[in-house]
Amino acid sequence: SVSSLKREMRNLSEECNLEPVTVSMAYVYFEKLVLQGKLNKQNRKLCAGACVLLAAKISSDLRKHEVKHLIDKLEERFRFNRRDLIGFEFTVLVALELALYLPENQVLPHYRRLTQQS
């Protein structure tokens, strides 16, 4: 389900020390894909992984070696192949029309929820 995938995204992000704002951005990307009907049983974990990866890169939350660590973690947690993940990153970029910088009002609700939970 979407909510259990989002929980996985959050847990993994916490393990990799990503900031709540990064997780919030990943959620927004993910929800946009859901709304566009891009998710199916085969690709939903790749979608979730690619959203986390893109958010981490765009928010400059990670140094180069940390990106590699994040990809390792994603691969292990979601059980997909990193080659598929990297390919899917592009698919997600296209689906989001390259609009990775999100308006605050899209990110804030998630951010508030995440920071109040912890």
For this session: Output yes when any residue across the stretch 51-68 is in contact with a helix residue (DSSP H, G or I) (Cβ under 9 Å, 6 or more places away or on another chain) and basic (Lys, Arg), and no when none is.
Result: yes
Exercise. When only residues in the stretch 1-27 that are open to solvent by 20 Å² or more (accessible area, probe 1.4 Å) and over 20 Å from residue 109 (Cα atoms) count, which is modelled with the lowest pLDDT?
Worked result: 1
Exercise. Before we move on, is residue 111 out of contact with any strand residue (DSSP E or B) (no Cβ under 9 Å at 6 or more places or on another chain) and surrounded by fewer than 12 Cβ atoms within 10 Å (Cβ to Cβ)?
Worked result: no
Exercise. From the list 77, 113, which residue is at negative phi, free of Cβ contacts under 8 Å to residues at least 12 places away in the same chain and among the charged types (D, E, K, R)?
Worked result: 113
For this session: Could you tell me which residue of the stretch 83-108 is farthest from the chain's Cα centre (by Cα), considering only residues that are in contact (Cβ under 8 Å) with a residue 12 or more places away in the chain, farther than 13 Å from residue 30 by Cα and open to solvent by less than 60 Å² (accessible area, probe 1.4 Å)?
Result: 108
For this session: Check the stretch 28-47 and report whether any residue there is β-branched (Val, Ile, Thr) and at pLDDT below 85.
Result: no
Problem set entry | residue 68 vs. criteria closer than 19 Å to residue 4 by Cβ, surrounded by fewer than 15 Cβ atoms within 10 Å (Cβ to Cβ) and over 12 Å from the mean Cα position of the chain (by Cα) | no
Seminar exercise, completed: Selection from the stretch 44-65 of residues of a type outside the set (Gly, Ala, Ser), surrounded by 14 or more Cβ atoms within 10 Å (Cβ to Cβ) and not in a helix (DSSP H, G or I) yields 61, 62
Exercise. Going by the structure shown, is residue 35 touching a helix residue (DSSP H, G or I) at 6+ places or on another chain (Cβ under 8 Å) and exposed (fewer than 15 other Cβ atoms within 10 Å of the Cβ)?
Worked result: no
For this session: Of the numbered conditions (1) aromatic (Phe, Trp, Tyr); (2) open to solvent by 10 Å² or more (accessible area, probe 1.4 Å); (3) within 13 Å of the chain's Cα centre (by Cα), residue 80 fails exactly one; give the number of that condition.
Result: (3)
Problem set entry | Pairs, first under 20 Å from residue 71 (Cα atoms) and part of a helix (DSSP H, G or I) in the stretch 17-43, second open to solvent by 60 Å² or more (accessible area, probe 1.4 Å) and modelled with pLDDT of 90 or more, C-beta under 7 Å, six or more apart | none
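The values are calculated or read from the model by the stated rules, or taken from the named source; none is laboratory data. Please read all numbers here as calculations on a predicted model, not as lab measurements. Cβ coordinates were reconstructed from backbone atoms using ideal geometry, including for glycine residues, and neighbour counts include every protein chain displayed. Accessible surface is based on the protein model in full, side chains and every heavy atom, while ligands, DNA and RNA are left aside. Shrake-Rupley method; radii C 1.70, N 1.55, O 1.52, S 1.80 Å.
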